[in-house]
Amino acid sequence: MLYLFSLLAGLAFVVDYPWVRELLLGPMDDERRNSAPGAFVELSGGMTHYQWHGPRSPNVLVLIHGLSYPSWVFDGVIRGLVAMGYHVLTYDLYGRGYSDRPKGRQSLDFHIRQLDELLVEVGVTGPVSLLGYSMGGMIASTLAAKQPDRVERLILVAPAGLNYTPFPLTQRAVALGPLGAWLWGMFAGRSLQRAAQQQHDAGSVIEDLPRRVSQELNTRGYLPALLSSEHFTLTRTLEEPLTEVQAMYIPTLAIWGEKDIIVPQTAPGLMSKWHRTAQQDVIAGAGHGLIHTHPRQILSAVKAFQNQVPD
């Protein structure tokens, strides 16, 4: 009987562990935000962290990060973008960085609403350039398709939505419903930490990348936000938005990593099909983390694009 009780107790612990651990994590609150750079604004989905970089300029460039790393993922390219004359705006998507962790579906419309409201609240009225990385490329492309008068040019760095191929754990988590959510809660943290260490070892310019990822993992609401975006944003494709962007004659640059396995080398072919006039650049030796492992090559491609498409 004691053995059976111990077995059942152990099973209950394993089953409940992901949810109990999540509840025990510290929330994103004012105490944590005290150390944040930049500023905050209250939007319909909650508090949003944002930061301006460089002197004021009519050439506003908004950087939109991807699924798992918040706005600090752009640390290696911001100075170079400012040197090109851009007034750069970065912000944290809900569920990441210093922004709030609202519950509910993190759909593409949900992410676009946050960006739309942010631009209004910070007083950006004229057309802007958008640079979207990974999932941020989906947000940027879809906003451009929906509101072409607000977008001057589009820069997509390894954008999802073109044969996006998540890791096996992520695929199972999305496919298996409640069981998938349990798998995600049990193993996603370890997987993300391992990926951060691999990118660090590959030469990320973010020297404390593993520590920053640990900080995200130790904040309540982070892992659920990622899984929700996987479910309701990253399962979509960019065929319709990119076709619309082409029809609106919005200058577009797509930058790919030669060794990217998340957005593989079939993606440039799809880009050529869905947006025939988009310029494309493939960075040799780069994987999906190219925005922070190959910032010089990213800046070189953006500079060439800027020169070809003058303001």
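The values are calculated or read from the model by the stated rules, or taken from the named source; none is laboratory data. Not measured: the values here are computed from a predicted model. For neighbour counting, all protein chains shown are included, and Cβ atoms are generated from backbone atoms with ideal geometry for every residue, glycine included. Heads up: the accessible areas ignore ligands, DNA and RNA and are worked out on the full protein's heavy atoms, side chains in. Shrake-Rupley method; radii C 1.70, N 1.55, O 1.52, S 1.80 Å.
Students sometimes get this wrong: rank V20, V77 by accessible area, probe 1.4 Å, all chains present, largest first. If you can, show how the numbers build up before the last one.
Details: V20 75, V77 5 Å².
Solvent-accessible surface, decreasing: V20, V77.
Could you calculate the FRET efficiency of S107 with N307 from 1/(1 + (r/R0)^6), where r is the beta carbon distance between them and R0 is 45 Å, rounded to 0.05?
Working: r = 37 Å, r/R0 = 0.81.
Efficiency computed from Cβ-Cβ geometry: 0.75.
Can you give the helix-only mean residue ellipticity at 222 nm for the chain, where every DSSP H stretch with n ≥ 4 adds -39500 (n - 2.57) and the sum goes over all residues, rounded to the nearest 500 deg cm²/dmol?
On the way: 13 runs with 150 residues, N = 311.
Using -39500 (n - 2.57) per qualifying helix, the result is -15000 deg cm²/dmol.
Semi-axes, largest first, in whole Å: what does sqrt of 5 times each Cα gyration tensor eigenvalue give for segment 197-311? Walk me through the numbers before you get to the answer.
Numbers: eigenvalues 157, 83, 35 Å².
The answer is 28, 20, 13 Å, longest axis first.
Probe radius 1.4 Å, ligands and nucleic acids ignored: give me the carbon and sulfur share of the accessible area of segment 89-152 as a rounded percent. The partial results should precede the final answer.
On the way: 930 of 2080 Å².
That fraction is 45 percent.
With θ taken as phi - 60° and the coefficients 6.51, -1.76 and 1.60, list the Karplus ³J(HN,Hα) couplings across segment 209-220 in order, rounded to whole Hz; mark glycine and proline as x.
Here the 3J(HN,Hα) series is 3, x, 5, 5, 5, 4, 4, 5, 5, 8, 10, 4 Hz.
Ranked by accessible surface with a 1.4 Å probe, highest first, in what order do E230, E117 come?
Working: E230 10, E117 50 Å².
Sorted by accessible area, descending: E117, E230.
Might you work out the accessible area of V120 for me, using a 1.4 Å probe with all protein chains in place, and round it to the nearest 10 Å²?
Ignoring ligands and nucleic acids, V120 comes out at about 100 Å².
Rounded to the nearest 0.05, what FRET efficiency is calculated for R190 and T125 with R0 set to 35 Å and r the Cβ-Cβ distance? All intermediate terms of the calculation are to be shown ahead of the outcome.
On the way: r = 45 Å, r/R0 = 1.29.
With a Förster radius of 35 Å, E is 0.20.
Please give every one of the lysines within straight-line cross-link reach of K259, meaning a C-alpha to C-alpha distance under 24 Å, and leave out same-chain neighbours fewer than 8 residues apart.
Counting by Cα, and skipping residues close in sequence, K259 has these lysines nearby: K273, K303.
Residue separation times 0.36 nm, minus the C-alpha to C-alpha distance between K273 and K146: what's the value? Numbers along the way, then the final one.
Details: separation 127, 0.36 × 127 = 45.72 nm, distance 2.00 nm.
Extending this stretch completely gives an extra 43.7 nm.
Could you tell me whether segment 122-163 comes out rounded, prolate or oblate from its Cα gyration tensor? Rule is a ≥ b ≥ c as square roots of the eigenvalues, rounded for a/c under 1.5, then prolate if a/b exceeds b/c, otherwise oblate. Display every interim value, and only then the final one.
Details: a/c = 2.50, a/b = 2.00, b/c = 1.25.
Judged from the Cα gyration tensor, segment 122-163 comes out prolate (a/c at least 1.5, a/b above b/c).
Rounded, prolate or oblate: which one fits segment 213-266, using the alpha carbon gyration tensor with axes a ≥ b ≥ c (rounded when a/c is under 1.5, else prolate when a/b beats b/c, else oblate)?
Details: a/c = 2.54, a/b = 1.80, b/c = 1.41.
It is prolate, given that a/c is not under 1.5 and a/b is the larger ratio.
Looking at Y94, G269, H292, which one has the Cα that reaches farthest to the positive end of the dipole of the chain (charges on Cβ: Lys, Arg +1; Asp, Glu -1)?
Positive-most Cα among the choices belongs to G269.
Excluding ligands and nucleic acids, what accessible area in Å² is computed for S57 using a 1.4 Å probe, to the nearest 10?
Near enough 30 Å² of accessible area.
Based on Cα positions only, what radius of gyration and what Dmax would you give for the chain, in angstroms?
19.7, 78
Considering only protein heavy atoms and a 1.4 Å probe, what is the carbon-and-sulfur percentage of the accessible area of segment 35-87?
After summing per-atom areas, the C and S share lands at 53 percent.
If you wrap segment 118-236's Cα atoms in a convex hull and average its projection over all directions, what's the area in nm²? Mind dumping the intermediate values first?
Values: hull surface 36.2 nm².
So the mean shadow area of the Cα hull is 9.0 nm².
What number comes out for accessible area per residue over the chain if the probe is 1.4 Å? Units Å², please. The partial results should precede the final answer.
Values: 14300 Å² over 311 residues.
I get 46 Å² per residue for the chain.
For a quick check, take a GNM of the chain with Cα springs below 10 Å and name the residue from A278, A202, A181 with the largest mean-square fluctuation.
A202
For N34 and Q265, FRET efficiency with R0 = 41 Å and r from the beta-carbon atoms, rounded to 0.05? Spell out each step's value before the answer.
Working: r = 44 Å, r/R0 = 1.08.
Plugging the Cβ-Cβ distance into 1/(1 + (r/R0)^6) gives 0.40.
For segment 39-122, just say rounded, prolate or oblate: build the C-alpha gyration tensor, square-root its eigenvalues into a ≥ b ≥ c, call rounded for a/c under 1.5, and beyond that prolate if a/b exceeds b/c, oblate if not. Let's see the in-between values first.
Details: a/c = 2.21, a/b = 1.68, b/c = 1.32.
Prolate is the answer for segment 39-122, as a/c is 1.5 or above and a/b outweighs b/c.
Let's see if you can work this out: charge +1 on each Lys and Arg Cβ, -1 on each Asp and Glu Cβ, no other charges. What is the dipole magnitude of the chain about its Cα centre, in debye to the nearest 20? List each step's numbers first, then the result.
Details: 25 positive and 27 negative charges, 84 e Å.
For this selection, approximately 400 debye.
Under a plain spin-label model, where a point goes 7 Å from the Cα along Cα-to-Cβ, how far apart in nm are E240 and R220?
About 3.7 nm, to one decimal.
One-quarter of the Cα convex hull surface for segment 257-305, in nm²?
So the mean shadow area of the Cα hull is 3.4 nm².
Along segment 69-74, what does the Karplus equation 6.51 cos²θ - 1.76 cosθ + 1.60 (θ = phi - 60°) give for ³J(HN,Hα), rounded to whole Hz, x for Gly and Pro?
Couplings: 9, x, 5, 5, 4, 8 Hz.
Quick one: among R113, R211, R220, which has the greatest mean-square fluctuation in a GNM of the chain with alpha-carbon springs under 10 angstrom?
Taking springs between Cα atoms under 10 Å, the residue moving most is R211.
Which whole-number percentage describes the relative contact order of the chain, with Cα contacts under 8 Å and a sequence gap of 6 or more?
Numbers: 531 pairs, mean separation 61.7, N = 311.
The value is 20 percent.
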